[in-house]
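The values are calculated or read from the model by the stated rules, or taken from the named source; none is laboratory data. The model shown is predicted, which means the values in this text are computed figures rather than measured ones. Ideal geometry is used to build each Cβ from the backbone, glycine not excepted, and the neighbour counts take in all protein chains shown. What goes into the accessible areas is simple: the full protein's heavy atoms, side chains included, and nothing from ligands, DNA or RNA. Shrake-Rupley method; radii C 1.70, N 1.55, O 1.52, S 1.80 Å.
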Amino acid sequence: MATPDQKSPNVLLQNLCCRILGRGEADVAQQFQFAVRVIGSNYAPTVERDEFLVAEKIKKELIRQRREADAALFSELHRKLHSQGVLKNKWSILYLLLNLSEDPRKQASKVTSYASLFAQALPRDAHSTPYYCARPQTLPLNYQDRSTQAQSSGSLGSSGISSIGVCGLSGPTPVQPFLPGQSHQAPGVGDGLRQQLGQRLAWVLTASQPSSQTPASKGLPNALSRNVTRSRREGDPSGALEVTEAALVRDILYVFQGIDGKNIKMSSTENCYRVEGKANLNKSLRDTAVRLAELGWLHNKIRKYADQRSLDRSFGLVGQSFCAALHQELKEYYRLLSVLHSQLQLEDDQGVNLGLESSLTLRRLLVWTYDPKIRLKTLAALVDHCQGRKGGELASAVHAYTKTGDPYMKSLVQHILSLVSHPVLSFLYRWIYDGELEDTYHEFFVASDPTVKTDRLWHDKYTLRKSMIPSFITMDQSRKVLLIGKSINFLHQVCHDQTPTTKMIAVTQSAESPRDAADLFTDLENAFQGKIDAAYFETSKYLLDVLNKKYSLLEHMQAMRRYLLLGQGDFIRHLMDLLKPELVRPATTLYQHNLTGILETAVRATNAQFDSPEILRRLDVRLLEVSPGDTGWDVFSLDYHVDGPIATVFTRECMSHYLRVFNFLWRAKRMEYILTDIRKGHMCNAKLLRNMPEFSGVLHQCHILASEMVHFIHQMQYYITFEVLECSWDELWNRVQQAQDLDHIIAAHEAFLDTITSRCLLDSDSRVLLNQLRAVFDQIIELQNAQDAMYRAALEELQRRLQFEEKKKQRELEGQWGVTAAEEEEENRRIREFQDSIPKMCSQLRILTHFYQGVVQQFLVLLTTSSDESLRFLSFRLDFNEHYKAREPRLRVSLGSRGRRSSHT
């Protein structure tokens, strides 16, 4: 059984060294000490922990080995690995695969990697904490102390910046550190050890022969000569300076950060970087430098926009998110620059010649900055496109750049869009789940007007800012979003319903992070649409239930139909009978309280008494503005008081429409009422006036004219009642029953009012028709007045004749003469006067008939030319026997052309 000392880490590590090297404990003492120092230190890989950079390095290595098919296969496998969340540390796996793919048996006869240079510069007692990879902004500032410490240990080791991400560019080359006191390994040493499984560590720890030259002394002349600029070329009398490629590389790295170099500076007139004209360069280097300098120009453009807009508070949260995304992309760009600077610094410290395989050159910079240049070009295009935009409009501008076939560019823009859309989602979820709108900088597509009062909350307080609707949200989705929050606020402020939104909407969701926003917007047609629809249906359903059950919206709508649109027939007829004595008086003599009492009497005497007390309480009498000569019939109107939530549907504009329609229907109903009285007068007076044969002609003309009017009014009443009111009401009721939100009910109700207003000839297009119809109504009133006057004269005459005959009989019974000659003469004179007035009556009736028929004919002509099909059909019914067609030539032309049109169709 092993003792506790045999299981200690030191013993196990020593055994591992002996097993790998195949030597005894005494021979591996030096390697054991080095291994202890490595394990006890905090060394980290000298590359950035960037999964993308490592994957690109693997693909470039495969392409360099002419394995393009393997590179394509690796790219597809890496994409699938990235889309799955099985592995947590993908970067570590890829970095391990990259290291395992390299050959540890590579000859080290010359310096071919910066990792080996770093190993050569490792001090003998290297047990300090190494410098981790970091961005330039986060690096420690005590560079001088570290370099001093390294030099005091007898080494020219690299500084903190020089060790940043070396392998990120030249590849994670197998590290071959030289142990203290040992020199560069000669070729061919350790071939037997390479056959073992641990050959890489064996190669690292294998001892080598002493060398007379230390790593610190290598390459110093090269380091001194790297940036040397020859004063002039041999034989060049002009004295132009000849700039080396190394100096251009250093200038380019400064230009990448927007800093002018010694030979490359920003031209303010041309707005681009230019190589100094006095610099002696060949055309190839000059053109390459200019191409590389474009990266600096792009960096300056993006940095200027991001810095300026970041300080602008009015730019809003969406704009600040866009600036943060730009800063994030610039930090990734700075990571590349830090790697380039560290490599350049390492070359300077170790004196690497430009001719070496992995040294920095302009051509290598062109290759390494190809992808960053594409990213910066995309960002610069976004900056140009987003100038002057904010909020949802800015998100739409970013979203427009996702519609590209370049997957690299699309993934970059989608990442930025996920950051930019995060505030929009925050606004949206706060609005649809809490009804709260905290949009200080007016970025959200829902706008609120705090000056609007509660009674106009639904109509005017919340509106859509169409310019701020992101392009990835459809107009239907934005309308639903508006309705959801508006419904919640309407319930709280108008309906005084304080039910928590969690009881209205089953599931709530918020955008916790930009990744949530990105995941949600990748499935706009399913996930996002589903959340919006769920909140919309549940909120709208709850609001409609409150309006129908608590505030009886549908019952009030039916009450409007029964009372203001004269649907309650028995009530309207009885009300007219009771109001007739009052309404025939001048309008100035009416008192509203008297009319209100009559209204209550009519309610109690008819089926209206069975309506809800809440409905009857709202029913009232209203007197319109009085004009000179108006009677009570002209100013009387019923009114229906609305308030609270139902006033949202029955607005003031709607009630004014109801008032106009009521006045029209009330006048038409009055015409029917008048003709009924005329017909009753005919029936009652026909027998009384049978003893006056001279008056029969007048009675006949009255009867004929009244029959024409009755036919006209009956057809108009049929049209109004059935074709206008009933059909429109049935359509309204069906739409209300199928309504999904309050806006649907309001829209259906307004469409109902518009339909009955236009078909009742109350719109602006039917003004001429309405004037003609009112002229017809006036002729009916004229007939009533004329007939009443004729009947009064005839009845008075009949009464006098009866009195004369009665007096005559009475005298005969008394034994006296029935009548004297004077009385008989007076009676005959009076009869002749009455008979002389009959032709005047007939003439008056003929004039009235002629005028009435002319008005009706003009009305029919207007009907036949109307664009409304129902009005054209009305003209058929009004002139079913072509009575007016025979009298009016224009009507014959209109009817004929209309008939031809009908036959063609």
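Quick look at the values:
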| quantity | calculated |
| --- | --- |
| Some residue of the range 857-868 being under 30 Å from Ile756 (Cβ atoms), at pLDDT 85 or above and open to solvent by 90 Å² or more (accessible area, probe 1.4 Å) | yes |
| Residue list for the range 699-754, restricted to those being of a type in the set (A, V, I, L, M) and in a loop (DSSP other than H, G, I, E, B) | Ala739 |
| Selected residue (criterion: nearest to Val698 (Cα to Cα)) from residues of the range 826-853 that are free of Cβ contacts under 8 Å to residues at least 12 places away in the same chain and open to solvent by 80 Å² or more (accessible area, probe 1.4 Å) | Lys840 |
| First in the range 483-506 and touching a residue at least 12 places away in the same chain (Cβ under 8 Å), second anywhere and charged (D, E, K, R) and surrounded by 13 or more Cβ atoms within 10 Å (Cβ to Cβ), Cβ under 6 Å, 6 or more apart | Leu483/Asp741; Leu491/Asp497; Met504/Glu538; Ile505/Glu538 |
| Candidate set: the range 375-385, residues that are touching a Lys or Arg at 6+ places or on another chain (Cβ under 9 Å) and not β-branched (Val, Ile, Thr); chosen: the one nearest to His415 (Cα to Cα) | Leu379 |
| Verdict on Thr269 being of a type outside the set (Gly, Ala, Ser) and surrounded by fewer than 17 Cβ atoms within 10 Å (Cβ to Cβ) | yes |
| Those residues of the range 502-526 which are in a helix (DSSP H, G or I), modelled with pLDDT of 75 or more and either surrounded by 20 or more Cβ atoms within 10 Å (Cβ to Cβ) or in contact with a helix residue (DSSP H, G or I) (Cβ under 6 Å, 6 or more places away or on another chain) (or both), in sequence order | Met504 |
| Near pairs, Cβ below 7 angstrom, 6+ apart or cross-chain, from the range 787-810 (open to solvent by 100 Å² or more (accessible area, probe 1.4 Å)) to any residue that is at pLDDT 80 or above | Arg800/Arg830 |
| Test result for Val603, under 50 Å from the mean Cα position of the chain (by Cα) and among the aliphatic types (A, V, I, L, M) | no |
| Which listed residue, of Leu773, Leu761, is under 25 Å from Arg561 (Cα atoms), under 47 Å from the mean Cα position of the chain (by Cα) and open to solvent by less than 50 Å² (accessible area, probe 1.4 Å) | Leu761 |
| Out of Leu437, Leu360, Leu346, Leu365, sole residue that is touching a helix residue (DSSP H, G or I) at 6+ places or on another chain (Cβ under 9 Å), within 26 Å of Ser314 (Cα to Cα) and of a type in the set (A, V, I, L, M, F, W, C) | Leu437 |
| Neighbours by Cβ (under 8 Å, 6+ apart or cross-chain): first from the range 246-266, on the phi > 0 side of the Ramachandran plot; second crowded, with 20+ Cβ neighbours inside 10 Å | Gly258/Gly296; Gly258/His299 |
| Which listed residue, of Lys580, Lys541, Lys550, is in contact with a Cys (Cβ under 8 Å, 6 or more places away or on another chain), more than 14 Å from Leu638 (Cα to Cα) and surrounded by fewer than 17 Cβ atoms within 10 Å (Cβ to Cβ) | Lys550 |
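Okay, residues lined up against (1) open to solvent by 10 Å² or more (accessible area, probe 1.4 Å); (2) modelled with pLDDT under 90; (3) touching a Lys or Arg at 6+ places or on another chain (Cβ under 9 Å):
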position: Leu417; (1), (2), (3): yes, no, no
position: Leu425; (1), (2), (3): no, yes, no
position: Lys453; (1), (2), (3): yes, no, yes
position: Leu457; (1), (2), (3): no, no, yes
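To keep it simple, each residue is scored yes or no on (1) among the β-branched types (Val, Ile, Thr); (2) over 26 Å from Asp371 (Cβ atoms).
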residue	(1), (2)
Val249	yes, no
Ile259	yes, no
Met266	no, no
Thr269	yes, yes
Lys278	no, yes
Asp287	no, no
Ile302	yes, no
Glu332	no, no
